[in-house]
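> Provided herewith is a single structure, encoded as structure tokens, for subsequent inquiry.
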Amino acid sequence: MNKVLLIIQREYVTRVRKKAFIVMIFVVPALILGMSALIGFVAKNNQELSNDQLVKVIDESGAFVGKLHNAKHIKFEDAKQPAADAKTSLQQDENLSLLLIPKDYTKKPVQILSKKKPTYQVTGEVERQMNAIASAKSLVDHHIDTALLNALNKNRITVNAMEVTATGTKDANLATTMGVGVACAILIYLSLFIYGAQVMRGVIEEKTSRIIEVIISSVKPFQLMLGKIIGVGLVGLTQFGAWIILSVVSSKIAGHAFSGPGSPIAGAVAVLSTIPFGYILGCFIFYFLTGYLLYSALFAAVGSAVDSETETQQFMFPITLPLLFTYLLSVTVLFQAPDSPLAVWLSMIPFTAPVAMMVRVPFGGVPPWQLAISMSLMVVGFLFTTYVAARIYRVGVLMYGKKASFKELAKWFFYKE
Amino acid sequence: MLSIRNIVKQYAGHRALDDVSLEVESGKIFGLLGPNGAGKTSLIRIINQITAPDSGEIYFNGHKLDQSHINRIGYLPEERGLYKKMEIGEQMIYLARLKGLSRADATAKLKFWFEKLGMETWWKKKIEELSKGMSQKAQFVATVLHEPDLIILDEPFSGFDPVAAELIKDEILELNKKGATILFSTHRMESVEELCDAIALIHKSRKILDGRVKTIRNSYKNDTYLVEYTGEHLAFDGAQPFDLISDVAGEDNSHTIKLKLNGTTANDVLQYLLPKTKINMLQEVIPSMNEIFIEKVNLIK
């Protein structure tokens, strides 16, 4: 056991000391900081409409005159001047736009002109009002009683997403939860891949540098494999730990810098704070660890079977297929239906569970019994793959220059010591 | 020290070792000889417990070989290799600790070896910065750092330049003098005669010859002698008490003949020759291990 600790220590220390590792620790939170800064900046820019916008209207059709009414920060005014004059006056005022409505507005496009590209808020408001006016006009033209229609159309329904929990109802911001679910799926998918591949590369390195024979004359192959897997896993946890700490710190800073009361960032932060991060983080670490143990054992077996990284393709494909499959399903379908039978089944099968379950967990609706079964199956799953991988690994690491096939791997599995 | 009994190792399709038994005496240097693919490395891997035999047993100092003996064995594989990107000092200490040494112990011993072999400046270097010969030297140190009782060297001289090979040879002899038993496989027959107390010859998965080097060579004597004389060239007409094998003229009117006795003795040869010429030397030809090796291997083909 002491020797396994030594191996873990070496695997961990050599990786953590690498420049790339240290750089990554700071790059990712820096990216998060940068992105929040960007979002804050964009949000601030959007609010720039607080300056009142004046829209001068030249209406050749006459259908809209006087019917456009002022909205928040947007004022409409009939341009009592020819289009050419109005256009020149645009150059002098940034908050001035010119709305040109052609005579036959249903066939020709309506144009809005301004010094800068008109903001969405202005064009959106104009579109909305013009459509309403135009359709009202059409109704009148076709002798439909608009008063009656308006009366009938009174019932405006808005859907308020409410979640029923034991303590009562609470607002659930679906978009944010979905975002967190997809983010979890992507993160766990990537990290299983990255750290699994690190184990594989480590095995290949030992095999091609031929140090493997020296090491396994001191320790059993299984001890070496186990030490490597645990060592790299700890590297992964260290990385996550550092990221979480730095991200919390950096987003706090970002929050201070960009969120005055009423800013959209503050809103997003408020929604994020309703999500149970402790629970999600706990699940994430569990599924990362068990998923990592499950996959890295297989990656180690692949590494032992080949002489160079280029040969790994044929084995990698079937191993990564369930992971890739679940990942693609997660970001397209599962996050919209986190409690569908497909999602439930995928979150039970150990090979797909880490990704599928991490999509479901942020929604908070996973019954404890499902979580318990999924977690137990994960443990059974990684014990099983470790056993299978170890049997292939112990033979594979001593095989040089032999192109292994799946048949060969199966044979290795049944070799005696 | 090491008693190998009836080892059989079967790989898919071929038998690597077929009922091989060997005795390696404590404190001796034992040579494991054989052509490529004979099964030497398979046997060495089994002794190192890297693989297990299908049947047969190995005893280490009278106890059945098990994991507890691993720390008493040092192994230099034929395919050399160390971590390319790890500092040498750190790497050596790691390997020694895997063999059960404490960090402090390993550091002290490593300092001793680095000084001894003039490698003090290598401590912080990486293997990829060293030449092949240098990294082999480092690997030799890694093999013996934990002061094993049994040192197993697979082709220890391959890849060394003559100077380094000589250095390693001296180190092997010194370790042996301090009490370590040494088992090595090699193709270099001259090193066998120079170093080995005993050998085993493995060919096509079977042991075809083993024993003390002296005994083996003596048992392959076949009454052949070399005689050097000075004087006029002698012509032999068949009346001489031996069969002539070769006759070579040397410098300064000297001649060397190689002869084989035909039921006579060396004394008879001398008696016959003495009146005729001036004898400088008479020497019995003892076949070299190389000759025995080639003869034995060809016999089985």
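The values are calculated or read from the model by the stated rules, or taken from the named source; none is laboratory data. Keep in mind it's a predicted model, so treat the numbers as computed, not measured. Please note: Cβ atoms are built from the backbone with ideal geometry, for glycine as well, and neighbour counts cover all protein chains shown.
> Looking only at region B:31-45, decide whether some residue is within 12 Å of chain A (Cβ to nearest Cβ), within 22 Å of the chain's Cα centre (by Cα) and free of Cβ contacts under 8 Å to residues at least 24 places away in the same chain.
Scanning region B:31-45 turns up at least one residue that is within 12 Å of chain A (Cβ to nearest Cβ), within 22 Å of the chain's Cα centre (by Cα) and free of Cβ contacts under 8 Å to residues at least 24 places away in the same chain.
> Here is a check on your reading of the model: is B:I168 modelled with pLDDT under 90 and within 19 Å of the chain's Cα centre (by Cα)?
Yes.
> If you scan region B:46-58, which residues turn out to be in a loop (DSSP other than H, G, I, E, B) and touching a residue at least 60 places away in the same chain (Cβ under 8 Å)?
Listed by number, the list holds a single entry, B:N48.
> If you don't mind, another one. At least 3 residues that are touching a Gly at 6+ places or on another chain (Cβ under 6 Å) in each: list the helices (runs of 4 or more DSSP H) lying fully within region B:83-172 that qualify.
B:132-144
> Something else: Any chance region A:256-273 includes a residue that's modelled with pLDDT of 90 or more, touching a helix residue (DSSP H, G or I) at 6+ places or on another chain (Cβ under 6 Å) and not acidic (D, E)?
No: region A:256-273 contains no residue that is modelled with pLDDT of 90 or more, touching a helix residue (DSSP H, G or I) at 6+ places or on another chain (Cβ under 6 Å) and not acidic (D, E).
> Show the residue pairs meeting these rules: Cβ distance below 8 Å; 6+ apart or different chains; first residue within region A:300-325 and under 22 Å from A:F382 (Cα atoms); second residue among the acidic types (D, E).
A:A305/A:E408
This table checks each residue for (1) more than 34 Å from the chain's Cα centre (by Cα); (2) of a type outside the set (A, V, I, L, M); (3) closer than 30 Å to B:I29 by Cβ; (4) in the same structural domain as B:I29 (by the TED database).
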residue: B:R206; (1), (2), (3), (4): no, yes, yes, yes
residue: B:G211; (1), (2), (3), (4): no, yes, yes, yes
residue: B:L226; (1), (2), (3), (4): no, no, yes, no
residue: B:G231; (1), (2), (3), (4): yes, yes, no, no
residue: B:A235; (1), (2), (3), (4): yes, no, no, no
residue: B:G238; (1), (2), (3), (4): yes, yes, no, no
residue: B:P241; (1), (2), (3), (4): yes, yes, no, no
residue: B:S246; (1), (2), (3), (4): no, yes, no, no
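> Then there's this: Scanning region A:136-160 for residues that are among the small types (G, A, S) and exposed (fewer than 11 other Cβ atoms within 10 Å of the Cβ), which turns out modelled with the lowest pLDDT?
A:A151
> Of the conditions (1) closer than 30 Å to B:K301 by Cβ; (2) in a helix (DSSP H, G or I); (3) among the charged types (D, E, K, R), B:D210 satisfies every one except a single condition; which number is it?
(2)
> Now for a different question. Just one of (1) at pLDDT 90 or above; (2) touching a His at 6+ places or on another chain (Cβ under 9 Å); (3) within 14 Å of another protein chain (Cβ to nearest Cβ) trips up B:A142, so point out which.
For B:A142, the failing item is (2).
> Looking for whichever is over 24 Å from A:Q9 (Cα atoms), within 14 Å of chain A (Cβ to nearest Cβ) and free of Cβ contacts under 8 Å to residues at least 60 places away in the same chain here; the options are B:K99, B:K124, B:K116, B:K132. Which one fits?
None of the others qualify; the one that does is B:K132.
> Scan region A:282-299 residue by residue and report those that are aliphatic (A, V, I, L, M), within 15 Å of A:T352 (Cα to Cα) and touching a residue at least 60 places away in the same chain (Cβ under 8 Å).
Within region A:282-299, A:L293, A:L294, A:L298 meet the criteria.
> Can you name every residue in region B:2-30 that is outside any strand (DSSP E or B), more than 16 Å from the chain's Cα centre (by Cα) and at positive phi?
Residue satisfying the conditions is B:G13 alone.
> Inside region B:131-185, can you point out the residues that are over 20 Å from B:L33 (Cβ atoms) and of a type in the set (D, E)?
B:E147, B:D149, B:D161, B:E166, B:D170, B:E171, B:E174
> Suppose we keep only residues that are within 9 Å of chain A (Cβ to nearest Cβ) and either under 21 Å from the mean Cα position of the chain (by Cα) or of a type in the set (G, A, S) (or both) within region B:50-73. Which one would you say is farthest from A:S218 (Cα to Cα)?
Here the residue is B:A52.
> Then there is this: Being within 14 Å of chain B (Cβ to nearest Cβ), among the hydroxyl-bearing types (S, T, Y), in a helix (DSSP H, G or I) and closer than 24 Å to A:M316 by Cα is true for just one of A:Y387, A:Y393, A:Y400. Which residue is that?
Residue meeting the stated conditions: A:Y393.
> Hey, can you tell me all the residues within region A:403-416 that are surrounded by 11 or more Cβ atoms within 10 Å (Cβ to Cβ), part of a loop (DSSP other than H, G, I, E, B) and within 10 Å of chain B (Cβ to nearest Cβ)?
Across region A:403-416, the qualifying residue is only A:Y415.
> For region B:224-242, what are the residues that are free of Cβ contacts under 8 Å to residues at least 60 places away in the same chain and either of a type in the set (A, V, I, L, M) or surrounded by 15 or more Cβ atoms within 10 Å (Cβ to Cβ) (or both)?
B:L226, B:V227, B:E228, B:Y229, B:L234, B:A235, B:A239, B:Q240, B:P241, B:F242, listed by residue number.
> Further, regarding this structure: So, B:A200, is that one under 23 Å from B:I73 (Cβ atoms) and either of a type in the set (A, V, I, L, M) or crowded, with 16+ Cβ neighbours inside 10 Å (or both) or not?
yes
> Suppose the filter is polar (S, T, N, Q) and closer than 23 Å to A:F335 by Cβ; does A:T386 pass it?
no
> If you don't mind, there's one more thing I want to ask. Does B:K109 fit the bill of being crowded, with 17+ Cβ neighbours inside 10 Å and away from every other protein chain (no Cβ under 11 Å)?
So B:K109 fits the description; yes.
> Also, I was wondering about something else. Looking only at region B:74-87, which residues are surrounded by 16 or more Cβ atoms within 10 Å (Cβ to Cβ) and more than 7 Å from every other protein chain (Cβ to nearest Cβ)?
Passing the criteria: B:G74, B:L76, B:E78, B:E87.
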